[in-house]
Each structure stands twice: as C-alpha cells, then as structure tokens.
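The values are calculated or read from the model by the stated rules, or taken from the named source; none is laboratory data. Here the structure is a predicted model, which is why all the values come from computation and not from measurement. Positions of Cβ are backbone-derived with ideal geometry, glycine not excepted, and every protein chain shown enters the neighbour counts.
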Amino acid sequence: MVSEWIRAMRNRLKVLRAERNWSQADLAERLAVSRQTINALETGRYDPSLPLAFRIGRLFGLPIEAIFQDDAADGAEPGETAK
Amino acid sequence: MNGDVAMERERPRSAMRIVVMTAVGLLVGLPMGWVVGKVLKAADLRTLPWSDQAAMALAMLFIATGALIAIFAATRRGQAILIDPNAPDYDRPARPGVAAYYLLQAAVLLLAGAMLAAPVVYLVIVNTTRADAGPTIMLAVLVGFALQTALNLAVWRRSDELMRRVIAESAALCFWALQGVFFLWACGERLGVLPAISSWDAVTVMMGGYLIASTIVFYRRGLG
C-alpha cells in the first residue's frame, strides 16, 4: 500500500500500456526513462515532472488530464485531503 | 494447462537463477572473505573502537554491493536482471549507456568502500609495519575522493528523473535526521552530559545514516 506521504495522483498508464501490449521496459524505452520509473508511476509511488507528463501525453496522443487524475483537484484546498 | 506450461518454464529459470546467484556469490564472497580474514588475523577487531568496526562493516557492504553490480553489468544477461529481475526473459538487450551507468554506480560504491576502509586498514595493518605511510594513504584518499566526486556527478547526469529524486530525497532525509542527532549530541557534550565523539565517529554515523535513509527512500519509491 502506498502511503499519503507519496501518493498524489492516479493515472491510467498501466491500462494505456496494456492496450498497446507494451511491457514496462517497452514504455520506458519510448520515454527514455528507466523501467523502475514506469513501475513507480504505475504504482502511484511517483508523480512525473511536467516535461515527462507531456512526453507521456504525446506518446499516447492524449491530453495530460486524460491520463493523470489529481485527487486534490476534486474540491480540496491545497494541503487538505481530497474527499 | 497454461499454468502447467508456465510452471515448467519457471523451474529451469529458477534453477538457473540459483546457479548464477551462487556463482556470483562465490566470486564476490571468496575474495571478500579472504580480505576480512586477513584483517581479523592481523588484529583483533573487537579491540577496535565501535566506529572503526562500523566503518569496516559498511566498507565491506559497499565493496560487496559494488562488485555484485559490476559483475552483473559485465554481461547482457546480468544487465537484463539489473533492469528487471522479474522480466519474462533475460535476453532483452539493454539500451546503450545502461551498462556504463551501472558500472559507474559500481565504481562509486567500490571507491566509497575502499576510502572508508583505508584509515582502519592503516591503523590495523600498515601502521604496525610502516608508521610513515599515513601521508601516502591520505594522498590516495584525496585522489579517490576527487575521482568519486566526478563519478557521482556522472551518475547524476545519467540518471533519469526518478533516480535523481531518490538521490535528492535520501540526502534531504539524511541531513534532516542527522543534523538533529548531531545538534543534540553537541549540546549534550557542551553541557557535560554526553561523551565527546571524534570526527571519524561522526563520519561513520553519517555513512550509516545515509545508507538507512537511501534504503527507506528507495523502497518507498518502489525501487526495492
């Protein structure tokens, strides 16, 4: 289980990757990052930088907000826990 | 059916993994054991201060880890295992530069271990035969430190953003924890309620602290 100390966003990376039948290593190679980074993104242990998020969006042909969902944006003020 | 096939495939792979791990363990363990045996024979380590004992233990850990990474990074199969220990096959070629990246990490660990062990080895072995070797060993440590700094910068430059985050968070956690420890200890020392510690004691605590901090961050970021 990932604690609140680390988890900030949910994402559809694993689903989008599976739809294309790519392994984590395949996706990592396409994004020029390590496989561990893909694993950390998919398991919610790491949020990408803005440049990496844009690269992911471009690769899947989707806007960033279609891939990443920010729980904190659902009505919560910064510093509050999302409902 | 598919499960059976998967299990049949799993068996030789697991057996191969055990054989490879045993071979690598022997390759690293035998020379390490020899060195540790020589040190133990040269002097009774139990008579050394706690910080020298801890420094030697940390140094051996760094050297063993560095040697393991270097051995794995030397072959295509080993590189694949380093990249993904659970990969469906170990034949996927690593990206150009990945082997060099792992070798850089191995070199950093080997140098860290050697530099941490050097003063203790000097006190235990060299000092008894060549008391004037101190400045020479200090010069070697300085050269090693300069080289390690350059290697650390190279590792940072080649790391992707997650690894850079892990390095930065480890350093931050280590600083946050140890500045408190050292501040409180220094207060206690000034007030006469705690014994004085040497700079070598402090360095050993810091190295151990960084090892613990980086392990925590490593696992929390899913890299374990």
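Details
- Scope segment A:18-30; condition buried (at least 18 other Cβ atoms within 10 Å of the Cβ) and more than 9 Å from chain B (Cβ to nearest Cβ); matching residues: A:Leu27
- Scope segment B:198-224; condition in contact (Cβ under 8 Å) with a residue 40 or more places away in the chain and more than 30 Å from B:Asp160 (Cα to Cα); matching residues: B:Ser198, B:Trp200, B:Asp201
- B:Ala186 passes every criterion in (1) surrounded by fewer than 15 Cβ atoms within 10 Å (Cβ to Cβ); (2) under 30 Å from B:Leu109 (Cβ atoms) apart from (2).
- Residue identified as surrounded by fewer than 18 Cβ atoms within 10 Å (Cβ to Cβ), within 14 Å of another protein chain (Cβ to nearest Cβ) and at pLDDT 80 or above among B:Val98, B:Val143: B:Val98
- Meets criteria (part of a loop (DSSP other than H, G, I, E, B), at pLDDT below 95 and surrounded by 11 or more Cβ atoms within 10 Å (Cβ to Cβ)) for A:Gly75: no
- Any chance B:Gln148 is among the polar types (S, T, N, Q) and over 23 Å from B:Ala117 (Cα atoms): no
- Subset of segment A:43-57 [more than 9 Å from chain B (Cβ to nearest Cβ) and surrounded by 19 or more Cβ atoms within 10 Å (Cβ to Cβ)]: A:Ile56
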